[in-house]
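The values are calculated or read from the model by the stated rules, or taken from the named source; none is laboratory data. Since the model is a prediction, treat every value here as computed from it, not as a measurement. Every residue, glycine as well, gets a Cβ built from its backbone with ideal geometry; the counts of neighbours run over all protein chains shown.
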Ligand code: ASP
């Protein structure tokens, strides 16, 4: 999927994992596609206007955080203690500026918290209560627990805890996945990546996954690629997934598609790293590999066709405007 002209491109994901067709109704499937399209359109509008990749990935991730179907912001999953702890990161491929937050609850859009850290804190990574105080001082919008609550996530926690308590919890980490992310190349050729998540259902309080870890779930460097991951975070951290893709391009001369498939299929999958990544490179190529049953995903270029898919299937095309 390479662009032939100096064009923009935006790719997004809404999480990967065990997405059972048996549990998918036509209405639900349509709602996921519509949610993905809204996020693509939010980012596309920025890029079509000549805006920066950084602003496009911010806009796309905000739209996904606002959509309760996805595990980030509104609709985030619960920890084993019945709380929501959110992680997010953003990275600018122009100069590798980066910002991240972990273990926060309250900011309506965790990606704005990550961006505020990048732009205003003098640091890269803030966590917990102090990160929240920083967000308050920056004037970010906050919401209460009722805004973030969804019955679906609460029930998923109860089911997982019941299995755990009866000693019958399966080892299928992919069942508990979810995250949102966006990567973009703007018309000037600059890259950016953003990722936001509630983490994994019934995670231990204080657990942080790969999403906010720069080089693991989020990476952007104009010289190589922008990457956002979704999957079993512990494995993505240990294999430095995002940075590994960039390194295979930089030092081994691999294409974006080759590098991202090597990492997702050959490195992560055999060691329990179920999930996938979305990536774009400086030439405008796009890669969207995943090693589990599905990944909510999509991309758009300057032709304004919003392409979305869930399973290993042809993408649904929707012409914007
Ligand atoms: N990678 C996320 C985490 O481990 C979860 C996911 O993407 O599904 O927190």
Hey, among the residues in the range 128-139 that are under 16 Å from residue 89 (Cβ atoms) and either buried (at least 18 other Cβ atoms within 10 Å of the Cβ) or touching a residue at least 40 places away in the same chain (Cβ under 8 Å) (or both), which one's farthest from the chain's Cα centre (by Cα)? 134
Need the failing condition index for residue 157 against (1) out of contact with any strand residue (DSSP E or B) (no Cβ under 8 Å at 6 or more places or on another chain); (2) within 30 Å of residue 56 (Cβ to Cβ); (3) within 16 Å of the ligand (Cβ to nearest atom), just the number. (2)
Can we say residue 12 is within 26 Å of residue 258 (Cα to Cα), in contact with a strand residue (DSSP E or B) (Cβ under 7 Å, 6 or more places away or on another chain), within 16 Å of the ligand (Cβ to nearest atom) and at pLDDT below 95? no
For residues that are within 12 Å of the ligand (Cβ to nearest atom) and in contact with a strand residue (DSSP E or B) (Cβ under 9 Å, 6 or more places away or on another chain), tally how many sit in the range 214-242. 13
Out of the residues in the range 199-213 that are out of contact with any helix residue (DSSP H, G or I) (no Cβ under 6 Å at 6 or more places or on another chain) and under 20 Å from residue 290 (Cα atoms), state the one that is farthest from the ligand (Cβ to nearest atom). 212
Given (1) farther than 15 Å from residue 96 by Cα; (2) more than 14 Å from the ligand (Cβ to nearest atom); (3) surrounded by fewer than 24 Cβ atoms within 10 Å (Cβ to Cβ), residue 247 misses just (1)
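With 114, 194 as the choices, which residue is out of contact with any helix residue (DSSP H, G or I) (no Cβ under 7 Å at 6 or more places or on another chain), within 16 Å of the ligand (Cβ to nearest atom) and either closer than 23 Å to residue 235 by Cβ or at pLDDT 95 or above (or both)? Quick ask: steps written out before the conclusion?
Values: 194 fails: out of contact with any helix residue (DSSP H, G or I) (no Cβ under 7 Å at 6 or more places or on another chain).
Unique residue meeting the criteria: 114.
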